[in-house]
1. In nm, what does the list of distances from B:Thr61 to its counterparts in the other copies look like, shortest first, when each label sits 7 Å along Cα to Cβ?
2. Test of understanding: in a Gaussian network model of chain A with alpha carbons linked when under 10 Å, which of A:Val82, A:Val160, A:Val175 would top the mean-square fluctuation ranking?
3. Any idea of the total accessible area buried by the B-A contact, 1.4 Å probe, rounded to 100 Å²?
4. How much area per residue is accessible in segment B:14-73 when the probe is 1.4 Å and only protein heavy atoms are counted (Å²)?
5. Treat every Asp and Glu Cβ in chain B as -1 and every Lys and Arg Cβ as +1, leave all other atoms uncharged, and give the resulting dipole magnitude about the Cα centre to the nearest 20 debye.
6. Considering only protein heavy atoms, with the full assembly of protein chains and a 1.4 angstrom probe, order A:Ile136, B:Ile78 by accessible area, largest first.
7. Please report, for A:Pro127, the nm distances (one decimal) from its label point, 7 Å out from Cα along the beta-carbon direction, to the equivalent points in the remaining copies, shortest first.
8. Report the GluC sites (Glu not before Pro) located in segment B:1-76 that are in a DSSP loop and have at most 16 other Cβ atoms inside 10 Å of their Cβ, or state none.
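The values are calculated or read from the model by the stated rules, or taken from the named source; none is laboratory data. On a predicted model such as this, the values are computed, not experimentally measured, just so you know. In this analysis, Cβ positions are derived from the backbone assuming ideal geometry, glycine residues included, and neighbour counts consider all displayed protein chains. Ligands, DNA and RNA are stripped out before the accessible areas are found, and what is left, the full protein with its side chains, is counted by its heavy atoms. Shrake-Rupley method; radii C 1.70, N 1.55, O 1.52, S 1.80 Å.
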Number of protein chains: 2
Amino acid sequence: MEKVNIGSQGFTLPMPQAILGTHIEGRPNYMALGWVTRVNYSPPLIGIGVHKGHATHQAITETGQFSINFPSTEMVNITDYVGLVSNKRVDKSELFDRFYGELKDAPLIKECPLSLECKLYETVSLPTNTLFIGEIVGTWCEERYMTDGVPDISKIKPFVLTMPDNRYWEVGRCVGHAWKAGKALKK
Amino acid sequence: MEKVNIGSQGFTLPMPQAILGTHIEGRPNYMALGWVTRVNYSPPLIGIGVHKGHATHQAITETGQFSINFPSTEMVNITDYVGLVSNKRVDKSELFDRFYGELKDAPLIKECPLSLECKLYETVSLPTNTLFIGEIVGTWCEERYMTDGVPDISKIKPFVLTMPDNRYWEVGRCVGHAWKAGKALKK
């Protein structure tokens, strides 16, 4: 069938859905985050694209710390909510229970099965967004969400985001093993 | 339940699974790509983390162009395969049918329901990987994979990757609408 060019606003399919945690004037704040990926293996670096207009943008610039928390599907509404309302108008500091690891300005969300605490490693200023690159200093989970000591997506039940249709999706069944499934094609 | 710190090698949960296309000495080459995210809204910029040892790394440095292709679940084995074998040992140029948009060194994969063609915008050198930031100049899809002119994940059926357990997962049902689901929580 014919390929058509639908323009330059393409998106990854799908995006992981996370909640970005920061401290603003000493109080926790949260926003929905879909633009996030690992960018370096060693040290473990992760990049996030944050719009320059967000309160979170200023928070990361000031404290040099942030958290990336992965909610489960039962947290769809609250995750969407923290993306809808700004700290400039609504105090979101008590929306979640929180805990801290090594970094005192990276609030980790207790309700989220998986959380990463990050310290700012490098800042890449782009036209409308800033790409903050953080070094992961801790990965927090619970035994009930892990198998063999490793986070298990079938227990965590996170959700993913698609744009520009703006929908959230659950993750389904396992369809293969990475760095294994392709071995049959090797000559 | 108790939160435990499982170390610094945390990953986004899950990662989109793509195939990165480049030209090496005028011939197409492909590798599996899980470290990818949008990083800027306008212009539309996308970032990819590529290990410095990969042939693809040299290709992007030389041509300044690449493609990001999203395979469907029926392409799990071939997607994994292009991540297992290096261009240094195996010629992968004829693995897929290809087409081109505006960029002559960004081979787009016909078998993939969704493809982005990108030209290099900025290069961020990190210790083990390079973060290549590309500007999206075209988004290619087919009518049968879209609804109301927009790529539809339920028709495209891509898959996602988890690390460090190294598994591929299909995407399940829709669990909410972004920028809408949280409105009920607004006061």
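1. 3.3
2. Looking only at A:Val82, A:Val160, A:Val175, the biggest GNM fluctuation is shown by A:Val175.
3. Working: alone 11920 and 11910 Å², together 14820 Å².
For chain B against chain A, roughly 9000 Å² becomes buried.
4. The answer is 26 Å² per residue.
5. Values: 20 positive and 20 negative charges, 146 e Å.
It comes to approximately 700 debye.
6. On the way: A:Ile136 0, B:Ile78 40 Å².
Per-residue accessible area, sorted high to low, gives B:Ile78, A:Ile136.
7. Ordered by distance, the counterparts are at 3.4 nm.
8. Working: sites: B:Glu2, B:Glu25, B:Glu62, B:Glu74; in loops: B:Glu2, B:Glu25.
Here the sparse-neighbourhood loop sites are B:Glu2, B:Glu25.
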